[in-house]
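Values quoted throughout were computed directly from the atomic coordinates according to the rules given, and no laboratory measurement underlies them. On a predicted model such as this, the values are computed, not experimentally measured, just so you know. No Cβ is skipped: glycine too gets one built from the backbone with ideal geometry, and neighbour counts run over all protein chains shown.
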Amino acid sequence: MPPCGEWKTTPSGTPIWAPAAFDTIEFRKQVDAAVGKLELCLGIKIRRSGFAVFIPSDWYVSKCSGEQLVPSLADCKLCRAKGLVISEECCGLRRPTIKCPCVCNFRATVQRSRVIVTAPNMKLFKTELARLVLYPKHNNPWADPAIATCVNR
């Protein structure tokens, strides 16, 4: 859940909250560039004030996948389908522990219908933004090859 406190905006007007290491104008410009690329590829106008970006301060790099993740409650079936080995006792944990170093978390997700929570590398940011702006017609951006191409650019 995004914290209270000072939210800033990107040069194009998207609300953003990020930990100090990423609270820079360069990072905000990266967010704008990603939005601009998706907008151009999809051929639609994305209202910058219609969503917000949140980079949680407790993101981490998974020892199991090597990916940047945000603490979350993802269904273990999703991670197992990608080939990750997650024991039953470790399913449902929001973050790794010594006993459970492999848990199923998201790289990016949408909260409160408009806040995109993403790891700082923003690897799946455009996927969640596409899901948000194309909903309900395209809830799964990967199911449509044209949209999948846009989120991969």
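So in the chain, what percent of DSSP beta bridges are antiparallel if you round to the nearest 5?
Among the beta bridges of the chain, antiparallel pairing accounts for roughly 65 percent.
Let me make sure I get this right: for region 75-126, a, b and c are the square roots of the gyration tensor eigenvalues over alpha carbons, sorted descending. Under 1.5 in a/c it's rounded, otherwise prolate if a/b > b/c, else oblate. Which is it?
Since a/c reaches 1.5 and a/b is larger than b/c, the shape of region 75-126 is classed as prolate.
About its Cα centre, what dipole magnitude does the chain give when the only charges are +1 on Lys and Arg Cβ and -1 on Asp and Glu Cβ, stated in debye to the nearest 20?
For this selection, approximately 280 debye.
Among Thr97, Thr118, Ile46, whose Cα projects farthest towards the positive end of the dipole of the chain, with charges put on the beta-carbon of Lys, Arg (+1) and Asp, Glu (-1)?
Going by the charge dipole, the pick is Ile46.
Can you tell which of Cys79, Ala21, Ala33 lies farthest toward the positive end of the dipole of the chain, using +1 and -1 charges on the Cβ of basic and acidic side chains (Lys, Arg; Asp, Glu)?
Positive-end residue among those listed: Ala33.
For the pair Ser113/Ser87, report the inter-label distance in nm, with labels modelled 7 Å from Cα in the Cβ direction.
For the pair Ser113/Ser87, the computed spacing is 4.1 nm.
Please give the contour-minus-distance gain from Thr24 to Asn139: 0.36 nm per residue of separation, less the Cα-Cα distance, rounded to one decimal in nm.
38.3 nm
Report the calculated FRET efficiency for Trp7 and Lys45 (r = Cβ-Cβ distance, R0 = 35 Å), to the nearest 0.05.
0.95
With θ set to phi - 60° and the Karplus curve 6.51 cos²θ - 1.76 cosθ + 1.60, what are the ³J(HN,Hα) couplings of region 109-116 in order, to the nearest whole Hz, using x for Gly and Pro?
With the stated coefficients, region 109-116 comes to 7, 10, 10, 6, 6, 8, 9, 8 Hz.
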